[in-house]
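Written out below as C-alpha cells is the structure these notes cover.
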Amino acid sequence: MTALTLSRALNEGMRRAMEDDPRVLIMGEDVGKLGGVFRVTDGLQKDFGEDRVIDTPLAESGIVGTAIGLALRGYRPVCEIQFDGFVYPAFNQITAQLAKMRYRSLGKLSLPVTIRIPCGGGIGAVEHHSESPEALFVHTAGLRVVACGDPADAYTMIQQAVSSDDPVIFFEPKRRYWDKSEVDQAGGLAAALPLDRARTLVSGTDVTVLCYGPMVKTCAEAAVAAAEDGRSLEVIDLRSLAPLDTSAIFESVGRTGRCVVVHEASVTGGLGAEIAARVTEECFYRLEAPVLRVGGYSTPYPPAKLEEYFLPDLDRVLDAVDRTFAY
Amino acid sequence: MTALTLSRALNEGMRRAMEDDPRVLIMGEDVGKLGGVFRVTDGLQKDFGEDRVIDTPLAESGIVGTAIGLALRGYRPVCEIQFDGFVYPAFNQITAQLAKMRYRSLGKLSLPVTIRIPCGGGIGAVEHHSESPEALFVHTAGLRVVACGDPADAYTMIQQAVSSDDPVIFFEPKRRYWDKSEVDQAGGLAAALPLDRARTLVSGTDVTVLCYGPMVKTCAEAAVAAAEDGRSLEVIDLRSLAPLDTSAIFESVGRTGRCVVVHEASVTGGLGAEIAARVTEECFYRLEAPVLRVGGYSTPYPPAKLEEYFLPDLDRVLDAVDRTFAY
Amino acid sequence: MAVKAAGRAASRAPDERAQPPELVQLLTPEGERVEHPDYPLEVSADEVKALYRDLVLVRRIDFEAIALQRQGELGIWASLLGQEAAQVGSGRALGPRDMAFPTYREHGVAWCRGLDPAKLLELYRGVSHGGWDPTAHNFHLYTIVIGSQTLHATGYAMGIQRDGAVGEDGEAVIAYFGDGATSQGDVNEAFIWAAVQNAPIVFFCQNNQWAISEPLERQSRVPLYQRATGFGFPGIRVDGNDVLASLAVTRKAMQAAREGQGPTLIEAFTYRMGAHTTTDDPTRYRLSAELESWKLKDPIERVKQYLIRGGLAEPGFFEDIEAEAAEVGTRVRKACLEMPDPDTSAIFADVYAEPFPPLDAERDQFAAYQASFADAEAGR
Amino acid sequence: MAVKAAGRAASRAPDERAQPPELVQLLTPEGERVEHPDYPLEVSADEVKALYRDLVLVRRIDFEAIALQRQGELGIWASLLGQEAAQVGSGRALGPRDMAFPTYREHGVAWCRGLDPAKLLELYRGVSHGGWDPTAHNFHLYTIVIGSQTLHATGYAMGIQRDGAVGEDGEAVIAYFGDGATSQGDVNEAFIWAAVQNAPIVFFCQNNQWAISEPLERQSRVPLYQRATGFGFPGIRVDGNDVLASLAVTRKAMQAAREGQGPTLIEAFTYRMGAHTTTDDPTRYRLSAELESWKLKDPIERVKQYLIRGGLAEPGFFEDIEAEAAEVGTRVRKACLEMPDPDTSAIFADVYAEPFPPLDAERDQFAAYQASFADAEAGR
Ligand SMILES: Cc1ncc(C[n+]2csc(CCOP(=O)(O)OP(=O)(O)O)c2C)c(N)n1
Ligand SMILES: Cc1ncc(C[n+]2csc(CCOP(=O)(O)OP(=O)(O)O)c2C)c(N)n1
Ligand SMILES: [Mg+2]
Ligand SMILES: [Mg+2]
C-alpha cells in the first residue's frame, strides 16, 4: 500500500496497462512531454515513446476517430479529452461510430477504446472547464460509462476500462486529482471489484445516498455530519453509470425506504432522473418518500465566483435528506 | 380550413414566417431546388431566392455555426438537419455555443435559431435515419425543445419557433410527414396555444398517457382501443419537451393516479425518466402505481426488418397501461 | 433589413476554375490508349479483359439491386452507375493486405475485394447494418455518416505504422469518400492527421459532381485534388471513367504509401449517372443534357472499343461476359429473395462484448412479452 | 504485436518545409523600414507613434493581468506577450463597422476596438463568462472552444452579404484563431463556407508556434498560410512581430473582402513569449534558446528603434508613454480589485429570452434555500 493522489493513481494504472499490453496506446492533446494539463500521463511518453504516447493535432473528433481506426487494427487506445467541455466535437464519432460499431458488425468488430474525461467543477475554472456530460453517454447504447471517486478505484478502474473490449467513457473528478489516499498496487485486477459494480462506502439504515465521481467525498462527509444528528446515511458510490448496479441500489433502498441521488450535472435530464424512475418502479411499495435529486441547476455552468452556489455540497445533501423525512 | 400533410403544413408555416419577416432564412443540405429530401422546403428557394434559402456545404457543424453568425447579424436562420442521426456533428456548436451564448453575454445576445430535425423511425430506413435524440437536448440548458405531432401544430409551432428569441430544437415525426388533417391557416399566432404548453388530446379518468411527436397518433389509437375494454385513457401531447408543461402533467396525473410515458427513444436516460422523476416527486401520495415508461430498448436502433419490434406500438402502450393497474 | 443580392463580386480564386485542370487519362472515351509520362502502365490484353469483366459484372449487380428495390425487395439502393471504372480501377490496385474503408456506394470495390455481392444487400434490405466480416476481405463495413470513415482509415494506417508494416512489402489503406464529403470537418481532420503522421493512406475521392442535389460548386470553388497541397501531401486528378488511369494512379499512390512516403489525395473525376439513391428524383435539380454528355464518356464502352479495335478479344468474349453477368445477376437476386429475416433476438445481441445486466433484463422482458402473444394465439 | 518504429520515411511534402517561405516584412527586427512591392504603406510619424503607444499599453495591461493572477485576483490569464504587433497591426486595420471574432488571447485587438481593458478581466476573474456588449465595439465575446468562432464569423459575413453591405464602403469580418486551431474541423469548414459564399472575411491566424505544449509540427507539416489555396482563396504569411506589416497586410485583405473579393487567410508568424496561460509551465516542453532567439525579434523594440533612428519621437515621448502605461496599469488593477462579485441571481438569469417555468421554480427554491441560512443566522 502506498499513498497516491488520484492523478498519480491513474498514471500508475495506465503505466501498468501499457506494460502488460504493448497494444495499449495513449493519445490526446498535450499528453506527451507536458504529461497532460493535469499531469495524468506524466512521464509515459518518456518511457514508452512517441509511437505509444501520441500528442495529437488539436481536434477531438480526430482523436476519437483515429482511435477507432487504431482499435480496428488491434490497438487499445486510451484517449484523453483535455476538459469535459471539449468532448462535444467528438460527439459524433463517439455516438454514431464508437458506440455502434459492434452492433453494426454483428459482433465481428470490437472497439476497446477508453475515453478519459476530467469532469466536474469546483476548481474556479473558466467556461467549458467544469461540465458533467455523463447523462449524454448513459443514454447512448453501446458505451460503458464509469466514474472513479478515489485513488484506489482510479488505479484499478482505469486498468479494467483499458482491458474491457467495450468502449468505456471514463470520468475523472478533476477537483479530486490531488486528493491522496492508500492504493494497493500489488493486488491484481482479478481480486478487484468488477468495473460494473457499485461500492457501499458507508453503511446506514435511514436513507440511501447515491453518488459518483466528485460527489463521493461530499456525500461521505454528509454521512458523518448526519450521524451527529443521529441520522444514518448509507452512501453508495455507483462507480458504473452504465450499466447501473441496480441490484445494489434496489437492495439498499429496499432497506432504507428513502433515496437521494447526488450529482453535479443539471438535475433536468440528468442521471438522477433515470435512477429515480427505476428505483420508484422497483421499490414502489417500499418507498417512504419520492427519490429526491440533488444536482446542478438547469442552467449553463455559471462563472467561477458563483459555482459554490451551483454545486451540490454537504448542506444541500443534508437538506435533501431532511426533505425525504418530511414525507 | 384546408387539409394538409404535416410536411406541407411545415412548408406553409415557414413560408408564412418568411413572408412576415425578411430576416428569416432557411439553410441546410438539399433544401433548395430539391426542397429537402422530405420536400418540407419545397418551392421556397424558387420564391424567396438563393440568398434566403441556402443549399449549404455538406457539414452540420458548419450549418449551425454559420447560422449562429447569421443570427448575430440579426437574421433568424431555420436550419434543416437532413436526418436525426446527422445532428451529432453539430452537437458542439449546439451545446457549447448556441445554447450558451445568451448566458455568456449576460443577455446581450439573442440567437433566434431554429433547428429542424426529422426524427424517429418506422419508415424502413437504413442506420442513422431513425433516431430520437431529444433527451440530449433537453439536458442542455439554454435550448427549447419541441416536437409537433400533427399538421395543425406543425403549422403554428414552426412559426412560433421561428419567432422565438431562444434557440429551438424542432423535432418533426418523419413517419407522419404524409399524414393529412385540417389546418387553419387563417387564424393568427396570437390565438394559438403557446409553444411551451401541452395539449390534452383525449380526456380520460383512469390513466394519464404522455407522448409527443410520432407517438401521439399511436397513443390516440391506444385510447380508442382501451375505451373498448372500458378503460379511460387521458392522452396528453406534450408538444414542448423543454420546458415541460408540468402543471398540465401534474394536474392530470393528480386526477388519474396513474401515468405512462411513451417515446421512441431508448428508455434508459430518455425523457420518460425526467418525467417519471418529477411526477413521482410532485404526485407521490396520489400515485396508485409507479410511472411506467414505454420506449425503445437500450440498444442502437436495429435494422429496418426489426424496427416494428423495437418501436412502441398500440399493444405495448396498452400493456403498460395494464401493468399500471397491476399495482 | 431587406435581403439585397449578396455580394458575389469576382473572387480571387486561382484560374483553374476557368479551364478544367489536367487530368490523368490513359484510355480516351473513344477507346484510344494514350500514354502519360508519370503513369506508364503495362497491361496485358488478359488484364484489360479481366477489368472489362469486372466493370460489366458490377454494373449488372447494380442493375439487379435497383430492380430488386423497385420490386420492394430492398428498402433503398445507392447505385454506382457511371462510377464503375473509378471503383474497379482503384479496387484492383489494392493488395490483399491493404485495407479499404468504403462509403455506402463502393459496390465495385467490394467486388474487387472478393466480397459476395449478396452481402451488400443485407444493409439495403434492412436485414442488418452491414453484416460482413471486414477482416475477411480487408474491406470495412459501409459507413453512412458522411466522412467518418476517413478518420477510421487514418487511424488504421497509424496502426500499420506502429506494426512496422511500412516499407518494402508494406501495407497501406485506401479511404473512399465523395465530393460532398470533402466539406465535412472529419475529412479535413483526416488530412491533417495523415499528413502529420505521414500515414500510409490514399484518400480516394470520387467526384461524381453531385452530393444528392448539390453540384460541386456548393462544396468548393476550386478542383478538389488541389485541397491536398495545403495540407502537405500531393493531390492528383484522374479520369474516373478511365479504368486504366484509375488503376495506374491508385497503384502508384498506394505503393508510395506502403513505402512510407505518406498520403496522397486522388480525385477521380466521374459522374453519378443514376439517382443519388432509389428514393431520389434527379429531374428536380439537374438537366438531362449533362447526363447525355457524360454518356459519351461511359467507362465500359471505351474499354470495349479498345479491345475491339486492338482485336484483343477472342470471338464470343463479349457474349460470354454478358452471359456471366446475367448469371451473377440471377445469383444475387436469388440470394436476396432467400435472405432470411433476422431473428428478433438480434435486437439485443452484440451491443456489448461483456454482460450488461440491464439490457439482459430488457431482452428477457421482451421475450416474455412476445411469448404472451403466442399464448394468446394458442389460447384461441 | 509489439510496436515497431512507425514508418516515417521521407515524405513528399513541398520543399517549403526546408527553407522558411517568404514572409511580408516592412520593419526589420533592427527597426529598419523596408518596402514590399505588394504592400506599399504610407505611415506618418504620428501614426507609427500611435501604434507604438498601443503596443506598449497592451503589453502593460497584459503584465498587470499576469500580476493580478499571481496575487490571486484572477483565476487564470492568457498572456499576449510577443503577439502585440500581430494584434495591434490587424486591430488597427479594422474600420468601426467591421466585426472581429477573437479567441481568448486577443487583448490587443480588444484595445484597438476601444473596449475597456478591465472588461477583459471579468472572464478571467470568474465574475462573468465575458460580460461586454459585442455590438458596442463590434468585438465579439471571447470564444474558448477552439475554432468555433471561425464559423460564427463566417456566418456573420454571410449576413453582411445579405444586407447588401459588400462593395465600396462595405463591411467585413476578421476571425482570429491560433496555429493549433487550424486542426479543428470547424476552422476548415469555415474556410469551405467562406470560399463557396465568397464571404467578406479575413481569417487571421496567429501562429505563435505553440498550442500549449505542442509545436506546429504536430498540426501541420507545411506552412499554414498555404492551407488557403486548396480551398480557393489566397493565403499570405506576414511577420507577426512587425506591426507595420501586420497593418498593411490586414488592411489590404479587409479591403478586398469589403469590396466583394472574398476571403483571405493571413498567417501572422509570431511567438508566444510567455506560458500558454498562467497555469502552464513551458519549461516542461520547450527550450529557452528558442525564447532567446525570438527576444531579438521583439515587436516593440523594433518600432522604438525606428522612431529613434528617424528622430521621429520628440523628447520625452517614450517617457510619456511609459507614464501613461503605468497609469493604465493602475487603472486596470483598481478596476479589478473593485470589481463586485456577481449576485447569485445571475446563476438563473439570461438562460432564456422568454419565461421558462421550471427554471423559475428552481430559482425560487434556491432563494428560499439561501434565505433559510439567513434565518438560521438570525436565529442565533
Ligand atoms: C453527416 C451526414 N450528413 C448528411 C447525410 C445525408 N447524405 C447521405 S449521402 C449525402 C450526399 C453525399 O454526397 P457525396 O459525398 O458527394 O457522395 P455521393 O453520394 O455523391 O457518392 C448526404 C447529404 C449523411 N449521410 N451524413
Ligand atoms: C475544442 C477545444 N479543445 C481543447 C481546448 C483546450 N485548449 C485551450 S487553448 C489550447 C491550445 C490552442 O492553441 P492555438 O490554437 O495555437 O492558440 P494559442 O493558445 O497558441 O493562442 C487548447 C488545446 C479547447 N479550448 N477547445
Ligand atoms: Mg458526390
Ligand atoms: Mg498557438
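The values are calculated or read from the model by the stated rules, or taken from the named source; none is laboratory data. Note that the structure is predicted; figures quoted are calculated from it, not measured. Cβ atoms come from the backbone with ideal geometry, glycine included; neighbour counts cover every protein chain shown.
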How about region B:178-208: which of its residues are outside any strand (DSSP E or B) and among the hydroxyl-bearing types (Ser, Thr, Tyr)?
B:Ser203, B:Thr205
Is there a residue in region D:277-295 that is more than 14 Å from every other protein chain (Cβ to nearest Cβ) and either part of a strand (DSSP E or B) or closer than 30 Å to A:Pro302 by Cβ (or both)?
no
Take region B:69-93 and flag every residue that is hydrophobic (A, V, I, L, M, F, W, C), farther than 20 Å from D:Val187 by Cα and within 14 Å of chain D (Cβ to nearest Cβ).
B:Val78
If you scan region B:132-159, which residues turn out to be of a type in the set (Gly, Ala, Ser), surrounded by fewer than 24 Cβ atoms within 10 Å (Cβ to Cβ) and in a loop (DSSP other than H, G, I, E, B)?
B:Ala141
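For A:Gly62, indicate whether it is out of contact with any Lys or Arg (no Cβ under 7 Å at 6 or more places or on another chain) and part of a loop (DSSP other than H, G, I, E, B). Give the derivation first.
On the way: out of contact with any Lys or Arg (no Cβ under 7 Å at 6 or more places or on another chain): yes; part of a loop (DSSP other than H, G, I, E, B): no.
Judged against the criteria, A:Gly62 is not a match.
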Restricted to region B:56-67, and to residues that are farther than 8 Å from D:Leu151 by Cβ and not β-branched (Val, Ile, Thr), which residue is surrounded by the fewest Cβ atoms within 10 Å (Cβ to Cβ)?
B:Pro57
Which pairs turn up if I take residues in region D:339-354 that are more than 10 Å from chain B (Cβ to nearest Cβ) and look for partners that are assigned to a loop (DSSP other than H, G, I, E, B) and aliphatic (A, V, I, L, M) with beta carbon separation below 7 Å, at least 6 apart in sequence or on another chain?
D:Met339/D:Val127; D:Asp341/D:Val127
Residues of region C:331-355 satisfying the condition of being of a type in the set (A, V, I, L, M, F, W, C) and outside any loop (DSSP other than H, G, I, E, B)
C:Val332, C:Ala335, C:Cys336, C:Leu337, C:Ala346, C:Ile347
Residues that are under 16 Å from the mean Cα position of the chain (by Cα), small (Gly, Ala, Ser) and away from chain A (no Cβ under 14 Å): list the helices (runs of 4 or more DSSP H) wholly contained in region D:96-140 that include at least 1 such residues.
D:107-112
Just one of D:Gly159, D:Gly164, D:Gly170 is surrounded by fewer than 24 Cβ atoms within 10 Å (Cβ to Cβ) and either modelled with pLDDT under 95 or touching a helix residue (DSSP H, G or I) at 6+ places or on another chain (Cβ under 6 Å) (or both); which is it?
D:Gly170
Hey, any hits in region D:259-274 for a residue that's within 16 Å of ligand 2 (Cβ to nearest atom) and among the charged types (D, E, K, R)?
yes
Residue check for D:Leu141: in contact with a Phe, Trp or Tyr (Cβ under 9 Å, 6 or more places away or on another chain) and away from ligand 2 (no atom under 14 Å from the Cβ):
yes
Could you count how many residues in region A:293-327 are more than 12 Å from chain D (Cβ to nearest Cβ) and not hydroxyl-bearing (Ser, Thr, Tyr)?
5
For B:Phe170, work out the one condition from (1) in contact (Cβ under 8 Å) with a residue 60 or more places away in the chain; (2) surrounded by 24 or more Cβ atoms within 10 Å (Cβ to Cβ); (3) within 28 Å of B:Asp21 (Cα to Cα) it doesn't fulfil.
(1)
Taking region B:94-116 and the residues there that are within 20 Å of the chain's Cα centre (by Cα) and among the polar types (S, T, N, Q), the one that is farthest from the other protein chains (Cβ to nearest Cβ) would be B:Thr114
With the structure loaded, tell me whether D:Ala199 is away from ligand 3 (no atom under 16 Å from the Cβ), assigned to a loop (DSSP other than H, G, I, E, B) and touching a residue at least 12 places away in the same chain (Cβ under 8 Å) or whether it fails that test.
yes
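Residues are listed down the side, and each one gets a yes or a no for (1) part of a helix (DSSP H, G or I); (2) more than 16 Å from ligand 4 (Cβ to nearest atom); (3) more than 11 Å from chain C (Cβ to nearest Cβ):
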{"site": "B:Ala3", "(1), (2), (3)": "no, yes, yes"}
{"site": "B:Arg15", "(1), (2), (3)": "yes, yes, yes"}
{"site": "B:Glu19", "(1), (2), (3)": "yes, yes, yes"}
{"site": "B:Leu25", "(1), (2), (3)": "no, yes, no"}
{"site": "B:Val37", "(1), (2), (3)": "no, yes, no"}
{"site": "B:Leu58", "(1), (2), (3)": "no, yes, no"}
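Specify which of the listed residues (D:Gly131, D:Gly185) is touching a helix residue (DSSP H, G or I) at 6+ places or on another chain (Cβ under 8 Å) and within 16 Å of ligand 1 (Cβ to nearest atom).
Checking each option against the conditions leaves just D:Gly185.
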Set B:Phe86, B:Phe91: member being within 16 Å of ligand 2 (Cβ to nearest atom) and without any contact (Cβ under 8 Å) to a residue 60 or more places away in the chain
B:Phe91
Number of the exception - D:Ile160 against (1) out of contact with any strand residue (DSSP E or B) (no Cβ under 9 Å at 6 or more places or on another chain); (2) not in a loop (DSSP other than H, G, I, E, B)
(1)
C:Ile192 vs (1) assigned to a loop (DSSP other than H, G, I, E, B); (2) within 16 Å of ligand 4 (Cβ to nearest atom): all pass except (1)
In this structure, is C:Pro358 assigned to a loop (DSSP other than H, G, I, E, B) and of a type outside the set (A, V, I, L, M, F, W, C)?
no
Between residues in region B:274-298 that are aromatic (Phe, Trp, Tyr) and residues that are part of a loop (DSSP other than H, G, I, E, B), which pairs lie under 6 Å by C-beta distance while being six or more apart or on different chains?
B:Phe284/A:Pro290
Mind listing whichever residues of region D:222-239 are outside any helix (DSSP H, G or I), more than 8 Å from chain C (Cβ to nearest Cβ) and closer than 19 Å to D:Met254 by Cβ?
D:Ile236, D:Arg237, D:Val238, D:Asp239
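Per-residue answers, yes or no, for (1) within 29 Å of B:His263 (Cβ to Cβ); (2) surrounded by fewer than 24 Cβ atoms within 10 Å (Cβ to Cβ):
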{"residue": "B:Val53", "(1), (2)": "no, no"}
{"residue": "B:Gly69", "(1), (2)": "no, no"}
{"residue": "B:Phe83", "(1), (2)": "yes, yes"}
{"residue": "B:Thr95", "(1), (2)": "yes, no"}
{"residue": "B:Lys108", "(1), (2)": "no, yes"}
Could you check A:Gly49 against (1) more than 16 Å from ligand 1 (Cβ to nearest atom); (2) on the phi < 0 side of the Ramachandran plot and say which number it fails?
(2)
Within region C:170-187, restricting attention to residues that are farther than 19 Å from B:Pro57 by Cα and more than 13 Å from chain D (Cβ to nearest Cβ), which residue is nearest to ligand 4 (Cβ to nearest atom)?
C:Ala175
Within region D:191-221, which residues are surrounded by 24 or more Cβ atoms within 10 Å (Cβ to Cβ) and more than 7 Å from every other protein chain (Cβ to nearest Cβ)?
D:Phe191, D:Ala194, D:Gln197, D:Ala199, D:Ile201, D:Val202, D:Phe203, D:Phe204, D:Cys205, D:Gln206, D:Asn207, D:Asn208
